[in-house]
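Since the structure comes first, as structure tokens, the remarks are kept for the end.
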Protein chains: 2
Amino acid sequence: MNIRPATDADWTQMWRIFQAVVATGTTYAYAPDTREAEARPYWLTPGTQCFVADDEGQIVGMYRLTANRRDLGSHVANASFMVDPRHQGRRIGEALGRDCLREAKRAGFLAMQFNFVVSTNTGAVALWHKLGFEIVGTLPKAFQHRERGLVDAHVMYRFLDDVVV
Amino acid sequence: MNIRPATDADWTQMWRIFQAVVATGTTYAYAPDTREAEARPYWLTPGTQCFVADDEGQIVGMYRLTANRRDLGSHVANASFMVDPRHQGRRIGEALGRDCLREAKRAGFLAMQFNFVVSTNTGAVALWHKLGFEIVGTLPKAFQHRERGLVDAHVMYRFLDDVVV
């Protein structure tokens, strides 16, 4: 599996992953019926770096890396991740996360912030803890979970000092 | 002083306030040299409600109210406030804050979240505490303060159950 910058040619496969992930209604604020025209600029847009996990031509996951805020807050990165649900359990998310931390460090960011990690998404919370993130805040009932109703979301944060590029 | 919806005709005065506020480099991520074309859509754009404090034709403050996230997070509001520095000490921020809470409640939001309250902006932190917000998270060194270097920013949050419209 090769993690490399995304190209326009990857979008068809990325869009399928996006649809499969938001269909669950359990991890992202995007509604299950989000249109392609809204999803695409989230991933492929100037000012945002986008990378895909390429398994011999099949895209199995992806992440986007950007500044969390402009100007006086632009030293803190933000990133989002999606893995093809059919390929869960292969530690693709972990590989993408580690790659993303290195790319953020290379790009000169001092820290990385996740703004909205759904608290019931325990796999994600555990992964980000494993990769050095801490919960620095909890937003009560901020996410409308498809099955559980209103649940909390976490803000997670980590400095990048110790990331080896 | 009358708090009312902003109109396009208010923009010239709003832009002066925006410039005066971001010139300090102490409260907003916007750089002091932010261009008008970038500032205007932050305030006057579809999907965002914008209100001004009108003191006999003079605009002395303003706020914007919108959803903090789309779709499955759209029950939480976000708001931003600016007061003309020449009119500080008149409790204009407090009046705008109270008005904003009522507007958010009327619009059906369940909670309000401020994503980035600079920790050294003690006036703002105290005002939001006074209006019922709690610090639910702190982002370490997330703001490049013009005079103090990297300082923390707070995430503040409040439910709207008790707001009387």
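The values are calculated or read from the model by the stated rules, or taken from the named source; none is laboratory data. Source: prediction; values computed, not measured. As a convention, Cβ positions derive from the backbone with ideal geometry for all residues, glycine included, and neighbour counts pool all protein chains shown. Remember, those area values only see protein heavy atoms, side chains included, never the ligands or the DNA or RNA. Shrake-Rupley method; radii C 1.70, N 1.55, O 1.52, S 1.80 Å.
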Original post:
Within the stretch B:119-127, can one find any residue that is outside any strand (DSSP E or B), within 14 Å of chain A (Cβ to nearest Cβ), β-branched (V, I, T) and surrounded by fewer than 20 Cβ atoms within 10 Å (Cβ to Cβ)?
Top reply: yes
**OP:** Pick out the one residue from B:K141, B:K130 that is within 14 Å of chain A (Cβ to nearest Cβ) and of a type in the set (D, E, K, R).
**Re:** B:K141
Original post:
Within the stretch A:76-86, which residues are assigned to a helix (DSSP H, G or I) and open to solvent by less than 10 Å² (accessible area, probe 1.4 Å)?
Top reply: none
Original post:
Restricting the search to the stretch A:89-118, which residues are part of a loop (DSSP other than H, G, I, E, B) and closer than 18 Å to A:H129 by Cβ?
Top reply: A:R91
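Pull up the stretch B:32-42, narrow it to residues that are within 10 Å of chain A (Cβ to nearest Cβ) and surrounded by fewer than 16 Cβ atoms within 10 Å (Cβ to Cβ), then point me to the one that is farthest from the chain's Cα centre (by Cα).
B:D33
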Original post:
Would you call A:V163 more than 11 Å from every other protein chain (Cβ to nearest Cβ), farther than 30 Å from B:M112 by Cβ and assigned to a loop (DSSP other than H, G, I, E, B)?
Top reply: yes
**OP:** Considering only the stretch B:45-99, state which residues are in contact with a Ser or Thr (Cβ under 9 Å, 6 or more places away or on another chain), within 18 Å of B:R16 (Cα to Cα) and among the charged types (D, E, K, R).
**Re:** B:R64
Original post:
Which of the residues spanning the stretch B:1-22 are surrounded by 14 or more Cβ atoms within 10 Å (Cβ to Cβ) and either within 20 Å of B:G123 (Cα to Cα) or without any contact (Cβ under 8 Å) to a residue 12 or more places away in the chain (or both)?
Top reply: B:I17, B:F18, B:Q19, B:A20, B:V21, B:V22
Subject >> Residue check for A:E147: open to solvent by 40 Å² or more (accessible area, probe 1.4 Å), among the acidic types (D, E) and within 11 Å of chain B (Cβ to nearest Cβ) >> reply: no
Original post:
Do we have B:H154 as facing another protein chain (nearest Cβ under 10 Å) and under 18 Å from the mean Cα position of the chain (by Cα) here?
Top reply: yes
Original post:
What are the pairs, 6+ residues apart or on separate chains, where a residue within the stretch A:67-79 that is at the interface with chain B (Cβ under 7 Å from one of its Cβ atoms) has its Cβ under 7 Å from a residue that is buried (at least 21 other Cβ atoms within 10 Å of the Cβ) and of a type in the set (V, I, T)?
Top reply: A:R69/A:V76
Original post:
Which one is least open to solvent (accessible area, probe 1.4 Å) among residues in the stretch A:87-107 that are out of contact with any strand residue (DSSP E or B) (no Cβ under 8 Å at 6 or more places or on another chain) and touching a residue at least 12 places away in the same chain (Cβ under 8 Å)?
Top reply: A:E94
Subject >> Verdict on B:G73 being touching a helix residue (DSSP H, G or I) at 6+ places or on another chain (Cβ under 6 Å), open to solvent by less than 20 Å² (accessible area, probe 1.4 Å), at pLDDT 95 or above and more than 12 Å from B:A104 (Cα to Cα) >> reply: no
**OP:** Kindly indicate the residue of the stretch A:43-66 that is in contact (Cβ under 8 Å) with a residue 40 or more places away in the chain and of a type outside the set (A, V, I, L, M, F, W, C) and also least open to solvent (accessible area, probe 1.4 Å) among those meeting that condition.
**Re:** A:G61
Subject >> Every residue from the stretch A:129-144 that is of a type in the set (A, V, I, L, M, F, W, C), open to solvent by less than 20 Å² (accessible area, probe 1.4 Å) and more than 17 Å from B:R70 (Cβ to Cβ) >> reply: A:L131, A:F133
